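Student: I have a structure I would like to understand better, so I am pasting it below and will then ask my questions one at a time.
The values are calculated or read from the model by the stated rules, or taken from the named source; none is laboratory data. As the structure is a prediction and not an experimental result, all values here were calculated from the model. For neighbour counting, all protein chains shown are included, and Cβ atoms are generated from backbone atoms with ideal geometry for every residue, glycine included.
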Amino acid sequence: MKTKKAGLFAALLLLCLTLGAQEKPNIPSTSVSLADFGAVADGVTLNTKAFEKAISALSKKGGGHLIVPEGLYLTGPISLKDCMDLHLERGAILLLSPDKKDAWDGKSVKAGISASKRHDVAITGEGIIDGNGAWWRAVKRSKVSDVEWKEFLKKGGTVDGSLWYPFNLNHYENIAADARSQEKLRTHLVRFTSCERVLVSGVTLQNSPKFHLVPRFCKDVTIEGVTVRCPWNAQNGDGIDIMQCQDVLVSRCTVDVGDDGICLKSGAGAKALEEGGPCKNIVIEYNTVYHAHGGFVIGSEFSAGCEDIVVRHNSFLGTDTGLRFKSAPERGGRTKNIRISDIYMADITEEAIVFQTDYADRPAGYEDNEAAKTLNFIPDFQDIEMERVVCRGCSVGVKAQGREIRNILLKDSHFFWYDAATDIQKADMITLENVQFHSFE
């Protein structure tokens, strides 16, 4: 066992050296200012048309940099084109319209900022992109104070049991027939789909209606120095979700969100295999995650698989769980060559490391999902190796529950726990080498 493991560590060390060579966008030096296209930075005027005109003009020049000067710009969805950088200067704030009709095309809701089937696209600068998510998300009564609950009620909306929905608001029309249907229409703040050479650098992304930053089916993605934040109780408020992408670097980002922090997903069931390949050749390093359901997460849907992943030199402070591997039948896939090292955690509410293969996705207002009636796409967590994981303060150090959790190695690590050192269903699920567990007992 140890000889085999040593060989795998050597192979993964080579993997660490070869990954992280993402090709960055090639953006022409041409630049235009949003101010030259009729933009008004007063927080009241809707600037969607100004963005459309500026993007069209820049595209005709062969691409370049769209400069957003200091100011507060209310806008509807923005769609980027090839060879284009949306550059937010320091003090520039893009505020997505709270009026859902501004993002509704009659069939679906557009993401706040998007690019589809494009190449060489970027969002850079020191500005802020705010999704105005409080006008979109349902709120659980148990997760807000009396004062906050009253503020939501002032907006109008609909109370259904213990939930407040932004449906039948005082000042904005609905885009669906009922509260739950409208809840399903929540969109992402920034989404890139089937793009090549993507860069997001320096900006702050906050208060998304749903997930904040979502590259999907993309190749050569660099996310560096980005801050992602939203209220701790934001429903589905994921930070960075990498979906079926290849050649990705996520580096030196700060995440403080209401759901998973940095997450890999690769679709659910047969459709995922038809649509694209696995999450592959990904480096996640030197990031800090504050509040989140998990600091680094795989799942819950990863049927197309996750392979050749390096997660190193990350810090998780106050997350619900640290390293989180979650899935369920009909959503699962296989992991391969996952290398995790130098992870430092403190004040983790639940488990520092957790493997779960019976995870249930529970949208707001819905009861627990029924157990899967078939056994297709069983989660297969394997070939995962972790070393130098340190956690001061967690309910449980290491937890593994379910089936098909195998060939997992954890070594040279320390955990200070409060309730239990481990909760591992079968002893052969995880091999522990030089792992020390400490507590007050």
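Student: Find the residue count for segment 73-115, including only residues that are closer than 18 Å to residue 214 by Cβ and in contact with a Gly (Cβ under 9 Å, 6 or more places away or on another chain). Let's see the steps before the verdict.
Tutor: Within segment 73-115, the subset closer than 18 Å to residue 214 by Cβ is 77-80, 86, 94, 96, 103, 108-115.
Then keep just the ones that are in contact with a Gly (Cβ under 9 Å, 6 or more places away or on another chain); that gives 77-78, 86, 94, 96, 103, 110, 112.
Residues meeting the conditions: 8.
Student: Can you go through 271, 336 and tell me which one is part of a strand (DSSP E or B) and more than 18 Å from the chain's Cα centre (by Cα)?
Tutor: Result: 336 is the single residue among 271, 336 that is part of a strand (DSSP E or B) and more than 18 Å from the chain's Cα centre (by Cα).
Student: While we're on this one: Can you tell me which condition residue 108 does not meet? The list is (1) modelled with pLDDT of 95 or more; (2) out of contact with any strand residue (DSSP E or B) (no Cβ under 9 Å at 6 or more places or on another chain), and all the others hold.
Tutor: Going through the list (1) modelled with pLDDT of 95 or more; (2) out of contact with any strand residue (DSSP E or B) (no Cβ under 9 Å at 6 or more places or on another chain), residue 108 breaks only (1).
Student: Restricting to segment 182-220, count the residues that are among the hydrophobic types (A, V, I, L, M, F, W, C), surrounded by fewer than 24 Cβ atoms within 10 Å (Cβ to Cβ) and without any contact (Cβ under 8 Å) to a residue 60 or more places away in the chain.
Tutor: 1
Student: Right, another one. For segment 223-258, which positions are in a strand (DSSP E or B) and among the charged types (D, E, K, R)? Walk me through it before giving the result.
Tutor: So the first thing to find is which residues in segment 223-258 are in a strand (DSSP E or B), and the list is 223-224, 227-229, 240-243, 246-251, 254-256.
224, 229, 241, 247, 256, listed by residue number.
Student: Cβ-Cβ below 7 Å, separation at least six or inter-chain, first residue in segment 168-181 and surrounded by 12 or more Cβ atoms within 10 Å (Cβ to Cβ), second of a type in the set (A, V, I, L, M) and modelled with pLDDT of 95 or more: which pairs?
Tutor: What qualifies is 175/185; 176/185.
Student: Listed residues 150, 155, 210, 143; which is within 13 Å of the chain's Cα centre (by Cα) and not hydrophobic (A, V, I, L, M, F, W, C)? First the steps, then the outcome.
Tutor: Details: 150 fails: within 13 Å of the chain's Cα centre (by Cα); 155 fails: within 13 Å of the chain's Cα centre (by Cα); 143 fails: within 13 Å of the chain's Cα centre (by Cα).
So the residue among 150, 155, 210, 143 that is within 13 Å of the chain's Cα centre (by Cα) and not hydrophobic (A, V, I, L, M, F, W, C) is 210.
Student: So which pairs qualify, if the first residue must be in segment 113-134 and part of a loop (DSSP other than H, G, I, E, B), the second must be buried (at least 22 other Cβ atoms within 10 Å of the Cβ) and basic (Lys, Arg), the Cβ gap must be under 9 Å, and the two must be at least 6 apart or on different chains?
Tutor: Cβ pairs passing all conditions: 131/210.
Student: Continuing with the same structure: Would you check which residues across segment 180-210 are small (Gly, Ala, Ser) and closer than 30 Å to residue 159 by Cα and list them? If you could, list the steps in order and put the result at the bottom.
Tutor: As a first pass, look at segment 180-210 and keep what is small (Gly, Ala, Ser): 181, 194, 201-202, 208.
Within segment 180-210, 181, 208 meet the criteria.
Student: Among 430, 408, which is surrounded by 17 or more Cβ atoms within 10 Å (Cβ to Cβ), closer than 20 Å to residue 313 by Cα, in the same structural domain as residue 343 (by TED's automatic domain parsing) and not acidic (Asp, Glu)? It would help to see each step written out before you state the result.
Tutor: Details: 430 fails: closer than 20 Å to residue 313 by Cα.
Answer to the selection: 408.
Student: Follow-up question, since we're still on this one. Return yes when residue 375 is among the hydrophobic types (A, V, I, L, M, F, W, C), part of a loop (DSSP other than H, G, I, E, B) and either under 21 Å from residue 302 (Cβ atoms) or at pLDDT 95 or above (or both) and no when it is not. Don't jump to the end; show me each part of the working.
Tutor: Working: among the hydrophobic types (A, V, I, L, M, F, W, C): yes; part of a loop (DSSP other than H, G, I, E, B): yes; either under 21 Å from residue 302 (Cβ atoms) or at pLDDT 95 or above (or both): yes.
In short, yes.
Student: Only residues that are within 15 Å of residue 343 (Cα to Cα) and either over 13 Å from the mean Cα position of the chain (by Cα) or of a type in the set (Asp, Glu) (or both): list them for segment 296-310, please.
Tutor: Step one: filter segment 296-310 for residues within 15 Å of residue 343 (Cα to Cα), giving 296-297, 309-310.
If the condition is that a residue be within 15 Å of residue 343 (Cα to Cα) and either over 13 Å from the mean Cα position of the chain (by Cα) or of a type in the set (Asp, Glu) (or both), then 309, 310 are the ones that fit.
Student: When segment 139-187 is examined, which residues are found to be touching a Leu at 6+ places or on another chain (Cβ under 8 Å), of a type outside the set (A, V, I, L, M, F, W, C) and not in a strand (DSSP E or B)? First the steps, then the outcome.
Tutor: The first filter runs over segment 139-187 and keeps only residues touching a Leu at 6+ places or on another chain (Cβ under 8 Å), leaving 139-141, 155-157, 159, 164, 175-176.
Cutting the leftovers down to of a type outside the set (A, V, I, L, M, F, W, C) gives us 140-141, 155-157.
Correct list: 141, 155.
Student: Another question about this same structure. Which one is surrounded by the most Cβ atoms within 10 Å (Cβ to Cβ) among residues in segment 236-247 that are of a type outside the set (Val, Ile, Thr) and over 14 Å from residue 294 (Cα atoms)? Talk me through it step by step, then tell me what you get.
Tutor: Taking segment 236-247 as the starting set, the residues that turn out to be of a type outside the set (Val, Ile, Thr) are 236-239, 241, 243-247.
So of that shortlist, the ones also over 14 Å from residue 294 (Cα atoms) come out as 243-247.
Working: 243: 25, 244: 25, 245: 28, 246: 20, 247: 21.
Taking the candidates together, the pick is 245.
Student: Taking residue 85 as the residue in question, decide whether it is touching a residue at least 60 places away in the same chain (Cβ under 8 Å) and more than 21 Å from residue 116 (Cα to Cα). I'd like the intermediate steps shown before the answer.
Tutor: Details: touching a residue at least 60 places away in the same chain (Cβ under 8 Å): yes; more than 21 Å from residue 116 (Cα to Cα): no.
For residue 85, the condition - touching a residue at least 60 places away in the same chain (Cβ under 8 Å) and more than 21 Å from residue 116 (Cα to Cα) - is not met.
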